[in-house]
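Here the structure is laid out as structure tokens; the discussion comes afterwards.
The values are calculated or read from the model by the stated rules, or taken from the named source; none is laboratory data. All values reported here derive from a predicted model rather than from experimental measurement. As a convention, Cβ positions derive from the backbone with ideal geometry for all residues, glycine included, and neighbour counts pool all protein chains shown.
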Amino acid sequence: MENFQIIYPLGFPPKDESGVMFFNNISNNTMFERFTFGFPPYLICTRARPEQPKTKKHPSPNLVIPDNQQLKATENTHTHTHTRTQVTRLVNQRPNTSTTPMFRSLKLKRSLQSIITNTQTSHFNQTLKPQISSQLNLIRHFSSPPPPPTPPPLSAASSTSSELRKYLGYSALLLSCAIATYYSFPFPENAKHKKAQLFRYAPLPDDLHTVVNWSGTHEVQTRVFLQPESLEELEAIVKDANEKKQKIRPVGSGLSPNGIGLARGGMVNLALLDKVLEVDKEKKTVRVQAGIRVQQLVDAVKEYGITLQNFASIREQQIGGIVQVGAHGTGAKLPPIDEQVISMKLVTPGKGTIVISKDKDPELFYLARCGLGAFGVVAEVTLQCVERQELVEHTFVSNLTEIKKKHKKLLNDNKHVKYLYIPYTDTVVVVTCNPISKWWSPAKFKPKYSLDEALQPIRDLYQASIEKYRGQSMASSSTAENETKISDLTFTELRDKLLAIDPLNKDHVKKINEAEAEFWKRSEGYRVGWSDEILGFDCGGQQWVSETCFPAGTLSKPNMKDLKYIEDVMELIDKEEIPAPAPIEQRWTASSKSLMSPASSSSNDDIFSWVGIIMYLPTTDARQRKQITEEFFHYRHLTQARFWDQYSAYEHWAKIEVPKDKDELAALQARLRKRFPVEAFNKARAELDPNRILSNAMLEKMFPSDDNASM
């Protein structure tokens with residue numbers, strides 16, 4: 001078996017404190033050594049022969065390999081001699097046998113040593129001198145390898161510092177990789193702020209339904225989304241779900257900003273149960289299936305000369321949903337919409353299909369009329385309507401000082417009235433609506449400005465904002481086509497586009513509010529139309545909104561706390577520099593007999609004020625929507641902490657947001673128990689829905705059962 005040598009460079013194997021590198025478990029018959037001159041190490045790999053006498057002869061007779069004893073003697077003799085000299089002497093002791101592989105390798109090493117010697121400085125040699133051994137063994141026998149040199153000990157401080165730098169480096173690398181991954185991840189265009197999930201590439205199952213509310217603020221995915229086409233089918237669904245304890249939360253059009261009708265476990269929707277069942281023209285009543293939309297109902301009963309007494313801002317709600325959440329219109333003499341209900345048919349899990357009214361089981365009727373969908377699926381509703389009338393809408397601009405002087409008169413003299421406040425301005429937009437009479441002729445109501453003239457200030461601001469935020473090139477390159485596109489936008493669409501540019505910049509929002517105030521000044525005047533046309537209100541695009549309801553005295557004696565509440569909110573906005581867009585909308589209603597209504601009162605004279613604060617979500621960018629959401633909840637929290645208890649204010653059921661914090665949730669539960677008959681509510685639920693199949697997480701958190709509350 002012949003010896004052979006391999007010389008090759010290495011990377012960075014582990015090394016001891018003296019700079020000598022160790023290699024373990026490479027081969028049982030292979031030894032490694034290197035030159036330690038500070039350059040990339042070169043190793044000699046020698047495959048050894050079996051045990052030989054101490055004086056060994058190389059297969060070539062001219063090469064004698066010294067044994068360990070001879071190497072030790074050489075090492076002791078030259079203890080204080082430079083390492084480079086020792087290597088040279090050992091190599092020079094070899095006979096000149098250029099024909100052997102060993103000699104060629106030694107010759108190559110000597111050449112390398114010569115190159116290294118010429119490039120070393122005296123300072124470098126002095127530094128290495130205490131770290132390298134006095135004798136470097138070029139060849140060692142396989143059977144008796146000498147122990148490695150003992151390295152000088154490192155100080156504890158040096159070792160700790162080295163470890164610290166290593167782990168700091170690893171941490172920085174991990175953090176930079178995480179940041180790069182997060183900011184480079186391609187979110188889909190329709191991603192919503194807390195809905196975008198990293199690395200979610202798996203396709204959704206075919207039977208999975210994604211249900212999103214109108215505001216885009218709440219979303220659930222469920223495999224159970226049922227739409228019955230008949231009462232019998234609805235009854236079968238409820239019965240089957242109760243037996244299986246399968247969730248089927250009633251959900252309407254999904255217009256509630258807080259998604260109160262959504263449930264991951266399952267939902268039932270009555271959109272296909274949308275028929276008018278009976279109209280009594282004499283009594284001005286109408287019986288409808290609960291899935292019918294408000295606009296459908298209004299259109300269907302036009303020919304009978306009747307309509308609903310009041311309307312919410314949007315016409316797309318299903319009747320069952322708008323009643324169950326206690327929605328309202330405006331008018332200090334008009335109650336919330338649930339007061340228009342005179343009887344209901346409920347399909348309940350516990351007692352089957354029941355009919356309740358003012359005369360039949362009134363206690364349950366007044367509890368379930370604004371029941372949040374917790375007692376049964378509302379299948380049919382009988383509503384008290386009014387004669388269909390044309391209304392005159394009067395819009396004018398005032399300020400809070402002037403409003404205080406004539407507030408009582410405005411509430412008493414107008415069938416419908418609302419105020420729109422513009423933050424960072426003193427503008428208050430007053431909108432009143434009253435039935436037309438013979439003394440009023442539609443021809444007399446001419447606006448001072450055309451719609452284009454009224455929109456011009458906000459269009460100008462939009463052009464200026466594009467120039468400021470996106471550069472002169474984009475603004476100057478706007479073509480006639482772009483100008484036409486802008487001219488086609490409505491007021492609320494222009495506002496959304498302006499807010500999308502920089503929604504949380506207070507100065508930018510302030511300019512938008514000022515342009516909106518100018519728009520309303522140019523929109524002063526009168527408008528005539530049917531009630532279902534006039535009483536609607538364009539709320540704008542997707543948004544976060546918090547609306548509170550609180551007592552405001554009586555119609556004959558308003559306590560003026562409603563205006564004081566607004567003053568406090570406007571002061572808060574200025575002090576905290578909240579980028580609050582417009583409007584802050586204030587409306588009024590009479591009281592309701594429904595026990596769970598925020599306007600519930602036993603007195604017919606009581607009036608309630610409803611105030612809504614808002615932040616729009618004009619962008620689809622997930623991160624920007626998240627920032628707006630955080631700012632809105634900060635805004636809402638400030639109003640809650642400072643004003644709600646002071647004014648006995650409670651949020652609209654369709655706009656209440658259940659907190660995640662345990663202490664805040666406990667405080668909310670305590671407030672609800674103080675205002676509403678929660679015990680009676682839970683008792684009725686236990687009877688009508690013993691398995692809670694109509695409930696969802698929101699209801700369970702707001703109205704926990706006694707067992708859950710004690711846990």
- Message: I'm told Gln389 meets every condition in (1) surrounded by fewer than 18 Cβ atoms within 10 Å (Cβ to Cβ); (2) under 29 Å from Ile322 (Cβ atoms); (3) touching an Asp or Glu at 6+ places or on another chain (Cβ under 8 Å) except one. Can you identify the failing condition by its number?
- Response: (3)
- Message: Could you check the stretch 281-295 and list, in sequence order, the residues that are surrounded by fewer than 18 Cβ atoms within 10 Å (Cβ to Cβ) and not in a strand (DSSP E or B)?
- Response: Lys281, Glu282, Lys283, Gln295
- Message: I'd like to verify a number: residues in the stretch 320-376 that are touching a Leu at 6+ places or on another chain (Cβ under 8 Å), of a type outside the set (A, V, I, L, M), crowded, with 24+ Cβ neighbours inside 10 Å and not in a loop (DSSP other than H, G, I, E, B), how many?
- Response: 3
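Determine, yes or no, whether Ala515 is more than 27 Å from Lys302 (Cα to Cα), surrounded by fewer than 18 Cβ atoms within 10 Å (Cβ to Cβ) and touching a residue at least 40 places away in the same chain (Cβ under 8 Å).
On the way: more than 27 Å from Lys302 (Cα to Cα): yes; surrounded by fewer than 18 Cβ atoms within 10 Å (Cβ to Cβ): no; touching a residue at least 40 places away in the same chain (Cβ under 8 Å): yes.
For Ala515, the condition - more than 27 Å from Lys302 (Cα to Cα), surrounded by fewer than 18 Cβ atoms within 10 Å (Cβ to Cβ) and touching a residue at least 40 places away in the same chain (Cβ under 8 Å) - is not met.
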- Considering only residues of the stretch 355-408 that are over 20 Å from Pro336 (Cα atoms) and among the aliphatic types (A, V, I, L, M), which is modelled with the lowest pLDDT? Val392
- List pairs: first in the stretch 243-268 and assigned to a strand (DSSP E or B), second of a type in the set (Phe, Trp, Tyr), Cβ under 9 Å, 6+ apart or cross-chain? Val251/Phe225; Met267/Phe225; Val268/Phe225
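Mind listing whichever residues of the stretch 658-668 are surrounded by fewer than 15 Cβ atoms within 10 Å (Cβ to Cβ) and in a helix (DSSP H, G or I)?
Within the stretch 658-668, the subset surrounded by fewer than 15 Cβ atoms within 10 Å (Cβ to Cβ) is 660-664, 666-667.
Across the stretch 658-668, the qualifying residues are Lys662, Asp663, Glu664, Ala666, Ala667.
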- Item | Given (1) outside any strand (DSSP E or B); (2) under 25 Å from Arg587 (Cα atoms); (3) modelled with pLDDT under 95, number of the condition Cys433 does not satisfy | (1)
- In the stretch 330-373, which residues are closer than 17 Å to Val238 by Cα and among the polar types (S, T, N, Q)? Thr348, Thr353
- Kindly list the number of the only condition in (1) within 27 Å of Trp653 (Cβ to Cβ); (2) in contact (Cβ under 8 Å) with a residue 40 or more places away in the chain; (3) aliphatic (A, V, I, L, M) that fails for Ile292. (2)
- Message: Looking at the stretch 581-589, can you tell me whether even one residue there is aromatic (Phe, Trp, Tyr) and either out of contact with any helix residue (DSSP H, G or I) (no Cβ under 6 Å at 6 or more places or on another chain) or part of a loop (DSSP other than H, G, I, E, B) (or both)?
- Response: yes
- Return a yes/no flag: does the stretch 564-577 have any residue that is over 33 Å from the mean Cα position of the chain (by Cα) and surrounded by fewer than 19 Cβ atoms within 10 Å (Cβ to Cβ). yes
- Item | Top-ranked residue in the stretch 305-320 [being more than 35 Å from the chain's Cα centre (by Cα) and hydrophobic (A, V, I, L, M, F, W, C); ranked as farthest from Phe375 (Cα to Cα)] | Ile306
- Item | Extreme residue, farthest from the chain's Cα centre (by Cα), among residues of the stretch 231-278 that are hydrophobic (A, V, I, L, M, F, W, C), surrounded by fewer than 20 Cβ atoms within 10 Å (Cβ to Cβ) and closer than 29 Å to Ser313 by Cα | Leu277
- Give the stretch 621-657 a look and list any residue that's surrounded by fewer than 17 Cβ atoms within 10 Å (Cβ to Cβ) and among the polar types (S, T, N, Q), or say none. Gln627, Gln646, Ser648
- Message: For the list (1) touching a strand residue (DSSP E or B) at 6+ places or on another chain (Cβ under 6 Å); (2) of a type outside the set (Phe, Trp, Tyr); (3) over 20 Å from Glu514 (Cα atoms); (4) in contact (Cβ under 8 Å) with a residue 12 or more places away in the chain, I need the number of the one condition that Asn559 fails.
- Response: (4)
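Every residue, every condition in (1) farther than 25 Å from Ile693 by Cβ; (2) at pLDDT below 85; (3) surrounded by 11 or more Cβ atoms within 10 Å (Cβ to Cβ), yes or no:
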position: Lys166; (1), (2), (3): yes, yes, no
position: Leu175; (1), (2), (3): yes, no, no
position: Gln197; (1), (2), (3): yes, yes, no
position: Gly216; (1), (2), (3): yes, no, yes
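What residue, of Thr619, Thr639, is among the hydroxyl-bearing types (Ser, Thr, Tyr) and in a helix (DSSP H, G or I)? Please lay out each step first, then the result.
Working: Thr619 fails: in a helix (DSSP H, G or I).
Just one listed residue meets the conditions, Thr639.
Of Glu657, Glu651, Glu687, which residue is of a type outside the set (Gly, Ala, Ser), in contact with a Gly (Cβ under 9 Å, 6 or more places away or on another chain) and touching a residue at least 60 places away in the same chain (Cβ under 8 Å)? Working first, answer last.
Values: Glu657 fails: in contact with a Gly (Cβ under 9 Å, 6 or more places away or on another chain); Glu651 fails: in contact with a Gly (Cβ under 9 Å, 6 or more places away or on another chain).
Result: Glu687 is the single residue among Glu657, Glu651, Glu687 that is of a type outside the set (Gly, Ala, Ser), in contact with a Gly (Cβ under 9 Å, 6 or more places away or on another chain) and touching a residue at least 60 places away in the same chain (Cβ under 8 Å).
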- Considering the stretch 522-544, residues that are touching a Phe, Trp or Tyr at 6+ places or on another chain (Cβ under 9 Å) and part of a strand (DSSP E or B), and then whichever is farthest from Ala582 (Cα to Cα), we arrive at Val528
- Item | The one condition in (1) at pLDDT 85 or above; (2) β-branched (Val, Ile, Thr); (3) farther than 22 Å from Val397 by Cα that Val528 fails to fulfil | (3)
- Query: Do we have Ile628 as out of contact with any Lys or Arg (no Cβ under 7 Å at 6 or more places or on another chain) and either assigned to a helix (DSSP H, G or I) or among the basic types (Lys, Arg) (or both) here?
  - Reply: yes
